[in-house]
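This report concerns only the one structure given below.
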Amino acid sequence: MVLKFKLYPMGKYNKIVTALFFTAASMLPSVVSAQQKSSITLNRQEKAPVINKHIYGHFAEHLGRCIYDGFYVGADSKIPNTNGVRNDIIAALKDLGIPNLRWPGGCFADTYHWKDGIGPKNERPTIVNQWWGGVTEDNSFGTHDFLDLCETLGTEPYLAANVGSGTVQEFTEWVQYVNHGGKSPMSDLRKKNNHENPWGVKFWGVGNEAWGCGGNMTAEYYANLYRQYSTFMADWSNTGDLFRIASGANVADYHWTEVLMREIPKSLLDGVALHSYSFVTWEKKGSSTKFDEKQYFETMKTALKMEELVSRHSAIMDKYDADKKIALVVDEWGGWYDVEEGTNPGFLYQQNTMRDAMIAGTTLNIFNNHSDRVRMANLAQTVNVLQAVILTKGDQMLLTPTYHVMKLYKVHQDAKLIPLQLISPNYEFQGEKLEAVSASASEKDGLTHISLVNIDAAKPIEVTINTESLAVKGFTAKIIASAKLQDHNSFENKDKITPKDFKDFKFRKGSLTVTLPPFSVVVLEGK
Ligand code: AHR
């Protein structure tokens, strides 16, 4: 059984609630684990943070069939498209309400030379995608295509710029090309390429995975490079309010975060990234659909590790930035398995099951609960790569369970966090334990939302939620669940897993009791 809590600066009332809660909790353990019961106390607080919508960001790399034969089919395709981008994908992502989209990588970003992707398409040089399958790309999807797509989607672009094999000049010229409103060689070039007005890109990644494919640098070396690049990408007062994100740590590399926070002047830094994927083991990832419970358990172990990762990276950031001005940006997260049989191993195409719904639900709850520091994140990746929200095959498209989780959770975007205290039974497997229940809650526009996940592969869990601090008269709910963990949406059965109305809860004044089926995600709406 696990007890979890996080409190924000608060008054006497909350301290009393906490004290009562601890007293009650100390009496509960044996009962809780025997009956698979969980309890949650919602603790509305004046000073609780707002869950930044950018936590719900996405990531589109030039990798496999994410851009080419994914988003982008070209204007001449028979597949209905807008400027070459599939209309069905545009509609699905608009519906999902994606707040930002990261591009063009990933590892690809540090090989990408943006000038190769502007101007007449038939005159663009090719690029060999050295990290992802060694395929030759024709650069037909470039800066204009991406930024216009973002405008169509109503999403904020997040450009990851080349530090590993680029130059300071190339970087600063990209900033000028997309952002400069006045006269300059780069804004003239943009206008020549038929875009009069600048796009005004706010989010900029200064390289990617500098510790690996971004240049195999040490933290100390990268911190110096970051200082140099970020100095020239903006002016004295950072006109345009660029949000500059440093390439962050690989999983639990706390030294990396420590060095960046210590060595980079705060005036040059707005976000520090973190990458962490979920898998069985890195060496033996296993199939995305044919996995056993042990593999499921191991995957969830790495997914739930996110709680410790964001807590510890945040604690380091707190040492140097007590006011939490700098964001922790988890700009790559998600499940990573073996590619589907018969597909290019460099393309990272995998199916998406209820296991992925569990990863998405628990990870987003973790981010919500840490929204004082985690203010941006990007699921890897949007279409046809890793834990995709959309898969395509020819002219067909399907929405994955992960899509449906993110759509249910979109209610948390820019909502005020309701901190909670959670007692969870354990999900036990072969003598190991994980917290079975994950939860987060928020309020916005008179509505309260509570998202719950039960990762236990076999047992339902009854969750009792103390709602006394809410002024809610009633709840409705949706669920994502299925008969088997391995279930997924296929091109033969695209709607096997979709959100359904959920009624297995009781609400009496001040108390909500929800019975969560095994491996399910439930989002309740109260008003
Ligand atoms: O998302 C796939 C790859 O994973 C990215 O290109 C890289 O940044 C990470 O290692």
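The values are calculated or read from the model by the stated rules, or taken from the named source; none is laboratory data. All figures in this text were calculated on a predicted structure; none of them were measured in a lab. For neighbour counting, all protein chains shown are included, and Cβ atoms are generated from backbone atoms with ideal geometry for every residue, glycine included. Just so you know, the surface numbers come from the protein's heavy atoms only, side chains and all, with ligands and any DNA or RNA stripped out. Shrake-Rupley method; radii C 1.70, N 1.55, O 1.52, S 1.80 Å.
The spacing between the stretch 146-206 and the stretch 490-527, judged by their C-alpha centroids, is 42 Å.
Working note: Karplus 6.51/-1.76/1.60 with θ = phi - 60° gives the stretch 42-52 the couplings 8, 9, 3, 9, 3, 9, 5, x, 8, 6, 4 Hz, where Gly and Pro are set to x.
To the nearest 0.05, what FRET efficiency results for Tyr320 and Asn216 with a Förster distance of 25 Å applied to their C-beta separation?
0.50
What pairs from Lys202/Lys444; Lys305/Lys433; Lys53/Lys416; Lys410/Lys494; Lys444/Lys473; Lys305/Lys506 go past 20 Å between their alpha carbons? The answer is Lys202/Lys444; Lys410/Lys494; Lys305/Lys506. Summarising the strand pairing of the chain, around 60 percent of its internal DSSP beta bridges are antiparallel.
For the stretch 418-507, what does the accessible surface come to per residue with a 1.4 Å probe? Please give it in Å².
45 Å²
Give the carbon-plus-sulfur fraction of the accessible surface of the chain in %, rounded to a whole number; probe 1.4 Å, heavy atoms of protein chains only.
Looking at the chain in its full context, I get 53 percent from C and S.
Loop-located GluC sites (Glu not before Pro) in the stretch 410-474 (DSSP state not H, G, I, E or B) with no more than 16 neighbouring Cβ atoms inside 10 Å: Glu468. For the residues His313, His180, a 1.4 Å probe over the protein chains yields an accessible-area ranking, largest first, of His180, His313. Please give the residues of the stretch 304-347, grouped as numeric ranges, whose backbone N is less than 14 Å from a label point set 7 Å along the Cα-to-Cβ vector of Lys266. 317-327, by backbone N distance to the label point.
Length gain on complete extension for the stretch Glu525 to Ser165, per 0.36 nm per residue less the alpha carbon to alpha carbon distance?
124.8 nm is the gain from fully extending Glu525 to Ser165.
Using a probe of 1.4 angstrom and keeping all protein chains present, the accessible surface of the stretch 176-250 works out to 47 square angstrom per residue. Here the simple spin-label model places points 7 Å from the Cα toward Cβ, and for Ser140 and Asn250 these points are separated by 3.5 nm. Each of Asp241 and Asp95 was given a label point 7 Å from its Cα along the Cα-to-Cβ line. The distance between the two points is 3.3 nm. Legend: calculated FRET efficiency, Ser311 to Asn122, from the Cβ-Cβ distance at R0 = 45 Å, rounded to 0.05, equals 0.30. With respect to the chain, whose longest principal axis is taken over its alpha-carbon atoms, helix 293-320 is tilted by about 70°. Of the listed residues Asp323, Asp331, the order by accessible area with a 1.4 Å probe, largest first, is Asp323, Asp331. Applying 1/(1 + (r/R0)^6) with R0 = 41 Å to the Cβ-Cβ distance of Lys433 and Gln130 gives a FRET efficiency near 0.45. In the chain, the longest principal axis of the Cα atoms and the axis of helix 168-179 are about 80 degrees apart. Counted by Cβ distance under 14 Å from Glu151, the other residues give a net charge of -2, where Lys and Arg count +1 and Asp and Glu count -1. Rounding to the nearest 10 and keeping the result within 0 to 90°, find how far the Cα-based axis of helix 87-96 lies from the longest principal axis of the chain. Approximately 40 degrees, to the nearest 10.
Distance between the modelled labels on Leu447 and Asn193, one decimal in nanometres: 3.9 nm (7 Å Cα→Cβ projection). Here the contact order of the chain, divided by its residue count and restricted to Cα pairs under 8 Å and six or more residues apart, works out to 19 percent. Local charge for Thr82 was computed over the other residues whose Cβ lies under 12 Å away, with Lys and Arg +1 and Asp and Glu -1, and equals -2.
Here, the chain yields an orientationally averaged convex hull projection of 24.0 nm² when only Cα atoms define the hull. Assuming charge only on the beta carbon of Lys and Arg (+1) and of Asp and Glu (-1), the dipole of the stretch 344-481 about its Cα centre is about 300 debye to the nearest 20.
Note that the stretch 73-150 presents 38 Å² accessible area per residue, ligands and nucleic acids not counted, probe 1.4 Å. Taking all protein chains together and rolling a 1.4 Å probe, Thr281 ends up with roughly 60 Å² accessible. Sparse packing (at most 10 other Cβ atoms within 10 Å of the Cβ) combined with a DSSP loop state is found for the following trypsin sites (Lys or Arg not before Pro) in the stretch 409-474: Lys473.
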